[in-house]
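Participant: Sharing a structure with you now.
The values are calculated or read from the model by the stated rules, or taken from the named source; none is laboratory data. Note that this is a predicted model, so its numbers are computed, not measured. Using ideal geometry, Cβ is built from the backbone for each residue, glycine included, and neighbour counts are taken over all protein chains shown. The area values use the complete protein model at the heavy-atom level, side chains included, leaving out ligands, DNA and RNA. Shrake-Rupley method; radii C 1.70, N 1.55, O 1.52, S 1.80 Å.
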Amino acid sequence: MRKKIVAGNWKMNNGVQETEKLINEVKDSISILDQKNVRVIVAPSFVSLTSALENAKNSKIEVAAQNMHQEKNGAYTGEISAEILRSIGIKTVILGHSERRQYFGENDKLIAKKIDAALANNLEIIFCFGELLDQRKLENHLFEVGSQLKNSLFHLKAEDFKNIILAYEPVWAIGTGETATPEQAQEMHAFVRNVLANKFGEKTANSISILYGGSVKPSNAEEIFSKEDVDGGLIGGASLIAEDFVAIIKAI
Ligand code: PGA
(Lines give C-alpha, C1' and ligand atoms only; values in the text may rest on other atoms or scores of the structure.)
Protein backbone atom coordinates (compact mmCIF):
# COMPACT_ATOMS: atom_id res chain seq x y z
CA MET A 1 0.00 0.00 0.00
CA ARG A 2 1.22 3.52 -0.80
CA LYS A 3 2.11 5.70 2.13
CA LYS A 4 -0.05 8.74 2.78
CA ILE A 5 2.10 11.79 3.44
CA VAL A 6 1.44 15.28 4.72
CA ALA A 7 4.48 17.52 4.41
CA GLY A 8 4.82 21.12 5.55
CA ASN A 9 7.12 23.39 3.59
CA TRP A 10 7.94 26.22 5.97
CA LYS A 11 9.95 28.15 3.37
CA MET A 12 11.79 31.25 4.65
CA ASN A 13 9.70 31.56 7.79
CA ASN A 14 10.34 31.13 11.51
CA GLY A 15 13.53 31.39 13.50
CA VAL A 16 14.79 28.58 15.70
CA GLN A 17 12.51 29.30 18.67
CA GLU A 18 9.39 29.65 16.51
CA THR A 19 10.26 26.43 14.70
CA GLU A 20 10.62 24.59 18.01
CA LYS A 21 7.28 25.97 19.20
CA LEU A 22 5.49 24.94 16.02
CA ILE A 23 6.98 21.45 16.04
CA ASN A 24 6.00 20.92 19.65
CA GLU A 25 2.46 22.15 19.07
CA VAL A 26 2.00 19.82 16.10
CA LYS A 27 3.70 16.95 17.92
CA ASP A 28 1.38 17.23 20.93
CA SER A 29 -1.74 17.44 18.79
CA ILE A 30 -0.96 14.43 16.64
CA SER A 31 0.39 12.20 19.40
CA ILE A 32 -3.13 10.89 20.03
CA LEU A 33 -3.72 10.05 16.38
CA ASP A 34 -3.32 6.50 15.28
CA GLN A 35 -2.33 6.95 11.68
CA LYS A 36 0.10 4.18 11.01
CA ASN A 37 0.11 4.56 7.28
CA VAL A 38 0.55 8.34 7.40
CA ARG A 39 3.87 10.15 7.43
CA VAL A 40 4.18 13.70 8.68
CA ILE A 41 7.17 15.68 7.40
CA VAL A 42 8.17 19.28 8.08
CA ALA A 43 10.79 21.30 6.25
CA PRO A 44 12.12 24.25 8.29
CA SER A 45 14.96 26.53 7.20
CA PHE A 46 18.53 25.17 7.19
CA VAL A 47 19.34 27.08 10.37
CA SER A 48 16.54 25.38 12.32
CA LEU A 49 17.14 21.82 11.12
CA THR A 50 19.26 20.62 14.03
CA SER A 51 16.90 21.86 16.71
CA ALA A 52 13.91 20.67 14.68
CA LEU A 53 15.38 17.16 14.61
CA GLU A 54 15.98 17.32 18.34
CA ASN A 55 12.44 18.48 19.06
CA ALA A 56 10.86 15.95 16.74
CA LYS A 57 12.70 13.04 18.32
CA ASN A 58 10.46 10.16 19.44
CA SER A 59 7.50 11.63 17.62
CA LYS A 60 5.78 10.97 14.33
CA ILE A 61 7.27 14.10 12.80
CA GLU A 62 10.12 13.73 10.32
CA VAL A 63 12.31 16.65 9.36
CA ALA A 64 13.34 17.50 5.79
CA ALA A 65 15.51 20.16 4.18
CA GLN A 66 14.07 22.53 1.56
CA ASN A 67 16.96 22.40 -0.89
CA MET A 68 20.58 21.38 -1.37
CA HIS A 69 23.46 21.94 -3.77
CA GLN A 70 24.29 19.34 -6.41
CA GLU A 71 28.05 19.23 -5.79
CA LYS A 72 29.70 17.09 -3.16
CA ASN A 73 31.65 19.95 -1.57
CA GLY A 74 33.87 22.84 -2.56
CA ALA A 75 33.89 26.58 -3.13
CA TYR A 76 30.15 27.25 -3.27
CA THR A 77 29.68 30.03 -0.76
CA GLY A 78 26.38 29.89 1.05
CA GLU A 79 25.41 26.44 -0.18
CA ILE A 80 24.67 23.16 1.61
CA SER A 81 25.51 19.71 0.22
CA ALA A 82 23.78 16.37 0.62
CA GLU A 83 26.66 15.23 2.76
CA ILE A 84 26.28 18.17 5.13
CA LEU A 85 22.57 17.44 5.45
CA ARG A 86 23.34 13.80 6.21
CA SER A 87 25.89 14.84 8.82
CA ILE A 88 23.16 16.33 11.03
CA GLY A 89 20.77 13.43 10.47
CA ILE A 90 18.55 14.75 7.69
CA LYS A 91 17.06 11.97 5.56
CA THR A 92 14.74 13.84 3.20
CA VAL A 93 15.11 16.88 0.95
CA ILE A 94 12.67 18.86 -1.18
CA LEU A 95 13.99 19.43 -4.71
CA GLY A 96 12.62 21.27 -7.72
CA HIS A 97 10.21 23.53 -5.86
CA SER A 98 8.70 26.09 -8.22
CA GLU A 99 10.11 28.93 -6.11
CA ARG A 100 13.59 27.52 -6.70
CA ARG A 101 12.82 27.31 -10.41
CA GLN A 102 11.25 30.77 -10.57
CA TYR A 103 13.51 32.86 -8.32
CA PHE A 104 16.81 30.96 -8.44
CA GLY A 105 16.90 29.87 -12.04
CA GLU A 106 16.78 26.13 -11.35
CA ASN A 107 15.90 24.12 -14.42
CA ASP A 108 15.11 20.46 -15.05
CA LYS A 109 18.72 19.62 -15.85
CA LEU A 110 20.10 21.14 -12.67
CA ILE A 111 17.35 19.49 -10.63
CA ALA A 112 18.29 16.14 -12.20
CA LYS A 113 21.85 16.66 -10.91
CA LYS A 114 20.55 17.47 -7.44
CA ILE A 115 18.42 14.33 -7.53
CA ASP A 116 21.47 12.25 -8.41
CA ALA A 117 23.49 13.81 -5.60
CA ALA A 118 20.68 13.23 -3.09
CA LEU A 119 20.25 9.59 -4.11
CA ALA A 120 24.00 9.00 -4.01
CA ASN A 121 23.90 10.15 -0.40
CA ASN A 122 20.90 8.06 0.49
CA LEU A 123 18.60 11.03 0.87
CA GLU A 124 14.93 10.64 0.12
CA ILE A 125 13.59 13.29 -2.28
CA ILE A 126 10.33 15.17 -2.46
CA PHE A 127 10.47 16.13 -6.13
CA CYS A 128 8.20 19.06 -7.05
CA PHE A 129 6.91 19.85 -10.51
CA GLY A 130 3.95 21.66 -12.06
CA GLU A 131 2.79 23.93 -14.82
CA LEU A 132 2.48 27.71 -15.01
CA LEU A 133 -0.86 29.45 -15.39
CA ASP A 134 -0.31 30.20 -19.09
CA GLN A 135 0.52 26.57 -19.78
CA ARG A 136 -2.70 25.51 -18.04
CA LYS A 137 -4.72 28.11 -19.97
CA LEU A 138 -3.29 26.85 -23.26
CA GLU A 139 -4.08 23.30 -22.13
CA ASN A 140 -0.41 22.44 -22.26
CA HIS A 141 -0.29 21.33 -18.62
CA LEU A 142 0.02 17.61 -19.28
CA PHE A 143 2.72 18.14 -21.87
CA GLU A 144 4.66 20.48 -19.56
CA VAL A 145 4.50 18.15 -16.59
CA GLY A 146 5.39 15.20 -18.80
CA SER A 147 8.53 16.97 -19.97
CA GLN A 148 9.55 18.00 -16.43
CA LEU A 149 9.26 14.36 -15.35
CA LYS A 150 11.17 13.18 -18.38
CA ASN A 151 13.98 15.71 -18.01
CA SER A 152 14.57 15.17 -14.31
CA LEU A 153 13.61 11.56 -13.66
CA PHE A 154 13.84 9.41 -16.78
CA HIS A 155 17.56 8.71 -16.35
CA LEU A 156 16.86 6.94 -13.04
CA LYS A 157 16.35 3.25 -12.37
CA ALA A 158 13.02 1.86 -11.16
CA GLU A 159 14.56 1.01 -7.79
CA ASP A 160 15.52 4.66 -7.21
CA PHE A 161 11.84 5.45 -6.77
CA LYS A 162 11.89 3.79 -3.35
CA ASN A 163 13.49 7.07 -2.30
CA ILE A 164 11.33 9.47 -4.27
CA ILE A 165 8.08 11.16 -3.35
CA LEU A 166 6.44 13.26 -6.03
CA ALA A 167 4.64 16.54 -5.44
CA TYR A 168 2.46 18.02 -8.15
CA GLU A 169 2.27 21.73 -7.52
CA PRO A 170 0.56 23.82 -10.19
CA VAL A 171 2.44 27.11 -9.95
CA TRP A 172 -0.78 29.14 -10.27
CA ALA A 173 -2.08 27.53 -7.08
CA ILE A 174 0.96 28.11 -4.86
CA GLY A 175 0.38 30.76 -2.23
CA THR A 176 -2.42 32.27 -4.31
CA GLY A 177 -5.39 30.91 -2.42
CA GLU A 178 -6.48 29.31 -5.66
CA THR A 179 -6.52 25.52 -5.50
CA ALA A 180 -6.72 23.03 -8.31
CA THR A 181 -10.09 21.33 -8.19
CA PRO A 182 -9.98 17.76 -6.89
CA GLU A 183 -10.74 16.68 -10.46
CA GLN A 184 -7.83 18.68 -11.89
CA ALA A 185 -5.54 17.17 -9.26
CA GLN A 186 -6.78 13.65 -9.95
CA GLU A 187 -6.39 14.11 -13.72
CA MET A 188 -2.77 15.17 -13.31
CA HIS A 189 -1.87 12.57 -10.70
CA ALA A 190 -3.31 9.77 -12.84
CA PHE A 191 -1.40 11.15 -15.82
CA VAL A 192 1.85 11.23 -13.84
CA ARG A 193 1.33 7.69 -12.64
CA ASN A 194 0.69 6.60 -16.19
CA VAL A 195 3.84 8.32 -17.50
CA LEU A 196 5.87 6.55 -14.82
CA ALA A 197 4.15 3.21 -15.47
CA ASN A 198 5.09 3.41 -19.15
CA LYS A 199 8.70 4.13 -18.35
CA PHE A 200 9.36 2.22 -15.13
CA GLY A 201 6.55 -0.34 -14.96
CA GLU A 202 3.18 -0.53 -13.21
CA LYS A 203 4.57 -1.88 -9.97
CA THR A 204 6.93 1.06 -9.50
CA ALA A 205 4.30 3.61 -10.56
CA ASN A 206 1.75 2.20 -8.15
CA SER A 207 4.15 2.34 -5.25
CA ILE A 208 5.04 6.04 -5.59
CA SER A 209 3.29 8.54 -3.34
CA ILE A 210 2.15 11.56 -5.33
CA LEU A 211 1.30 14.61 -3.21
CA TYR A 212 -0.70 17.62 -4.27
CA GLY A 213 0.49 21.11 -3.32
CA GLY A 214 -0.97 24.56 -3.83
CA SER A 215 -3.22 26.37 -1.34
CA VAL A 216 -4.25 23.24 0.53
CA LYS A 217 -6.13 24.26 3.68
CA PRO A 218 -8.34 22.56 6.26
CA SER A 219 -11.45 23.43 4.25
CA ASN A 220 -10.36 21.72 1.02
CA ALA A 221 -7.90 19.05 2.17
CA GLU A 222 -10.34 16.21 2.67
CA GLU A 223 -11.88 16.52 -0.78
CA ILE A 224 -8.49 16.68 -2.54
CA PHE A 225 -7.09 13.79 -0.47
CA SER A 226 -10.13 11.65 -1.28
CA LYS A 227 -9.03 11.30 -4.89
CA GLU A 228 -7.64 7.94 -5.86
CA ASP A 229 -4.21 9.06 -7.04
CA VAL A 230 -3.67 11.82 -4.49
CA ASP A 231 -1.57 10.36 -1.69
CA GLY A 232 -1.27 13.45 0.46
CA GLY A 233 -0.17 17.05 0.32
CA LEU A 234 2.75 19.43 0.36
CA ILE A 235 1.49 22.35 2.39
CA GLY A 236 2.97 25.84 2.49
CA GLY A 237 1.06 28.66 4.19
CA ALA A 238 -1.37 26.49 6.16
CA SER A 239 1.44 24.39 7.61
CA LEU A 240 2.73 27.44 9.53
CA ILE A 241 -0.37 27.46 11.71
CA ALA A 242 -0.31 24.43 14.02
CA GLU A 243 -4.09 24.12 14.20
CA ASP A 244 -4.50 24.21 10.41
CA PHE A 245 -1.64 21.84 9.74
CA VAL A 246 -3.02 19.36 12.27
CA ALA A 247 -6.49 19.65 10.71
CA ILE A 248 -4.94 18.81 7.33
CA ILE A 249 -3.12 15.83 8.84
CA LYS A 250 -6.42 14.67 10.31
CA ALA A 251 -8.09 15.09 6.92
CA ILE A 252 -5.94 12.37 5.48
P1 PGA B 1 0.95 26.95 -0.40
O2 PGA B 1 2.40 26.43 -0.83
O3 PGA B 1 0.29 25.83 0.37
O4 PGA B 1 1.19 28.15 0.46
O5 PGA B 1 0.22 27.26 -1.65
C6 PGA B 1 2.62 25.12 -1.25
C7 PGA B 1 4.07 24.90 -1.59
O8 PGA B 1 4.71 25.84 -2.08
O9 PGA B 1 4.63 23.82 -1.38
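Participant: Quick one: which residue in Ala52, Ala56, Ala65, Ala75 is open to solvent by 40 Å² or more (accessible area, probe 1.4 Å) and among the hydrophobic types (A, V, I, L, M, F, W, C)?
Facilitator: None of the other options fit; the residue is Ala75.
Participant: Go through the stretch 135-178 residue by residue and tally those that are of a type in the set (Val, Ile, Thr) and either more than 16 Å from the ligand (Cβ to nearest atom) or under 16 Å from Asn107 (Cα atoms) (or both).
Facilitator: 3
Participant: Also: Being within 14 Å of Val63 (Cβ to Cβ) and not in a helix (DSSP H, G or I) is the filter; apply it to the stretch 7-38 and report the residue that is nearest to the ligand (Cβ to nearest atom).
Facilitator: Top of the filtered list is Asn9.
Participant: Can you tell me which residue is nearest to the ligand (Cβ to nearest atom) among those in the stretch 95-112 that are surrounded by 17 or more Cβ atoms within 10 Å (Cβ to Cβ) and hydrophobic (A, V, I, L, M, F, W, C)?
Facilitator: Filtering the stretch 95-112 for residues that are surrounded by 17 or more Cβ atoms within 10 Å (Cβ to Cβ) and hydrophobic (A, V, I, L, M, F, W, C), the one nearest to the ligand (Cβ to nearest atom) comes out as Leu95.
Participant: List, please: which pairs have Cβ atoms under 8 Å, are six or more places apart or on different chains, and start with a residue in the stretch 201-225 that is at positive phi and end with one that is more than 15 Å from the ligand (Cβ to nearest atom)?
Facilitator: Every condition considered, the pairs that remain are Gly201/Ala158.
Listed here are the residues, each with its yes/no results for (1) within 21 Å of Lys217 (Cα to Cα); (2) charged (D, E, K, R); (3) modelled with pLDDT under 95.
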| site | (1), (2), (3) |
| --- | --- |
| Ile5 | yes, no, no |
| Asn14 | yes, no, no |
| Gln17 | no, no, no |
| Glu20 | no, yes, no |
| Ser48 | no, no, no |
| Ala65 | no, no, no |
| Glu79 | no, yes, no |
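Participant: Quick check on my filter: what residues within the stretch 194-230 are within 16 Å of the ligand (Cβ to nearest atom) and either open to solvent by 30 Å² or more (accessible area, probe 1.4 Å) or hydroxyl-bearing (Ser, Thr, Tyr) (or both)?
Facilitator: Passing the criteria: Ser209, Tyr212, Ser215, Lys217, Pro218, Ser219, Glu222, Glu223.
Participant: Given the condition of a type in the set (S, T, N, Q), under 15 Å from the mean Cα position of the chain (by Cα) and surrounded by 23 or more Cβ atoms within 10 Å (Cβ to Cβ), answer yes or no: does some residue in the stretch 236-244 qualify?
Facilitator: There is at least one residue in the stretch 236-244 that is of a type in the set (S, T, N, Q), under 15 Å from the mean Cα position of the chain (by Cα) and surrounded by 23 or more Cβ atoms within 10 Å (Cβ to Cβ).
Participant: Shifting gears a bit: Within the stretch 156-183, work out how many residues are under 13 Å from Leu211 (Cα atoms) and in a helix (DSSP H, G or I).
Facilitator: Here the count works out to 1.
Participant: Would you say Leu85 is buried (at least 19 other Cβ atoms within 10 Å of the Cβ) and either more than 19 Å from Leu166 (Cβ to Cβ) or away from the ligand (no atom under 16 Å from the Cβ) (or both)?
Facilitator: Here the answer is yes, as Leu85 does meet what is asked.
Participant: A further question follows. Out of the residues in the stretch 166-187 that are crowded, with 19+ Cβ neighbours inside 10 Å and touching an Asp or Glu at 6+ places or on another chain (Cβ under 7 Å), which is farthest from Asn9 (Cα to Cα)?
Facilitator: The qualifying residue farthest from Asn9 (Cα to Cα) is Trp172.
Participant: Against the definition (away from the ligand (no atom under 16 Å from the Cβ), touching a residue at least 60 places away in the same chain (Cβ under 8 Å) and part of a helix (DSSP H, G or I)), how does Lys250 come out, yes or no?
Facilitator: yes
Participant: Checking Arg101 against (1) free of Cβ contacts under 8 Å to residues at least 24 places away in the same chain; (2) farther than 19 Å from Ile174 by Cβ; (3) basic (Lys, Arg), which test does it fail?
Facilitator: (2)
Participant: Then there is this: How many of the residues making up the stretch 113-145 are open to solvent by 50 Å² or more (accessible area, probe 1.4 Å) and under 30 Å from Leu53 (Cα atoms)?
Facilitator: Qualifying residue count for the region: 4.
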